[in-house]
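Have a look at the structure below before the remarks.
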Amino acid sequence: MSFKNKKVVVLLLTISLIITVSCSKNSETDDANDALIEELKQKNIELTEEIERLNKAIEESSKPETKEVFSDNNRILENYRAYSKDYTKEFEFKWMNQDSWDKIVVYNEGEFDKNNVVIEDERILSIKPMYITGEINSLCTINEEEKAEGVNYFDGNETIKYVYLFKSGDNSYKIEVVDEDTVLIDGQPYKTKINSEFFGKSLIKHKYTLELKDMVDKAINSNLCIRKYSNLKVNSDSTYDITDYHYSYFFDNKLYREVMVATTSVMKITSNPLFSDTAECFPLAQLTYYYYGEIINVEIYNKHIHLHNINNEDVWFVIKNENIRYYNDLKERIK
């Protein structure tokens, strides 16, 4: 017999004794027994309540272990499907794969740092919005008790940090950035693969940023680098013509950040070398770094790196002899 069952038996015996005592009073002790009976009746009530409580506890402890059951399994399954689906591939999101825009407007919606800029840079106007977000998946917004393991949920926070407007003809599309991996599109929340704040941070001037003076430092701290790939047609006299080009976009890219770090460790400032207009003197890589709205253009050559910006600031670096091997390895990784 379990401890709990024993306790119930003891209580029942106690009640029996109480009843026996209450029935044994005689006429000689009526007054004394009346008070005792009232006291025992009260104890009887309390013990009865205790028995009921113990019976309930025994009953609960004997129940089989229960598991949480979702109210609507089909709904949970749909949320899994929505979460694992890349919406940039869907027809209604085909604009996210468009790579030609008449205008892009970036708004900073910070409480103390509101600002906006209209982008006229050809390199930015050629960007696909999906490059800014990466793959996007729906964020579930079901009830707390129906949440499923492994699915990300939107907490309802709609504080907008940046707004990106893409305009083409009469069409206009909007991406609202909630945080580094959450955006709203047509009011619906999506989880992004790329930190979508990088686009706004790179292109718009902020009031409260660390003001770097050196172009190299700005390029190192840039969150957006655009590389221009050019197709060269080499002429018989070794001159060249550019027949076509396209841009690739890199957010927070370690390789292109390392390129700029290299200028502070393996390069030294030099005067403008006299390059000819031959294909041999065409840069191995043409990079543009964006630092809070400022543009730093960088060309990588066999032994030189050239930096310049729209303010006509211009600086050349040449590789130090003792670092040629490292620089050559870096160039191979860039190609």
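Numbers below:
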item	result
Solvent-accessible surface ranking, highest first, for Ser138, Ser196, Ser236 at 1.4 angstrom	Ser236, Ser138, Ser196
Solvent-accessible heavy-atom area per residue, rounded to whole Å², over the stretch 183-327 at 1.4 Å	53
Solvent-accessible surface (1.4 angstrom probe) belonging to Arg333, in square angstrom, nearest 10	120
Solvent exposure ordering (accessible area, 1.4 Å, most first) of Asp329, Asp113	Asp329, Asp113
Label-point separation in nm, Thr264 to Asp113, each point 7 Å along Cα→Cβ	2.1
Alpha-carbon centroid distance for the pair the stretch 297-325 / the stretch 232-246, whole angstrom	23
Amide hydrogen neighbours beyond the local backbone of Asp252, cut-off 5 Å, H modeled	Leu224, Cys225
Interchain or long-range residues, amide H under 5 Å from Tyr162's placed H	Glu109, Val177
Neighbourhood charge, 13 Å Cβ-Cβ cut-off, centred on Glu299 and excluding it, Lys, Arg +1 and Asp, Glu -1	+3
Long-range HN-HN contacts of Tyr301 with modeled amide H, under 5 Å	Leu284, His306
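The values are calculated or read from the model by the stated rules, or taken from the named source; none is laboratory data. Since we're looking at a predicted model, the values are computed, not measured. A quick note on method: Cβ atoms are made from the backbone with ideal geometry, for glycine too, and the neighbour counts reach across all protein chains shown. Remember, those area values only see protein heavy atoms, side chains included, never the ligands or the DNA or RNA. Shrake-Rupley method; radii C 1.70, N 1.55, O 1.52, S 1.80 Å.
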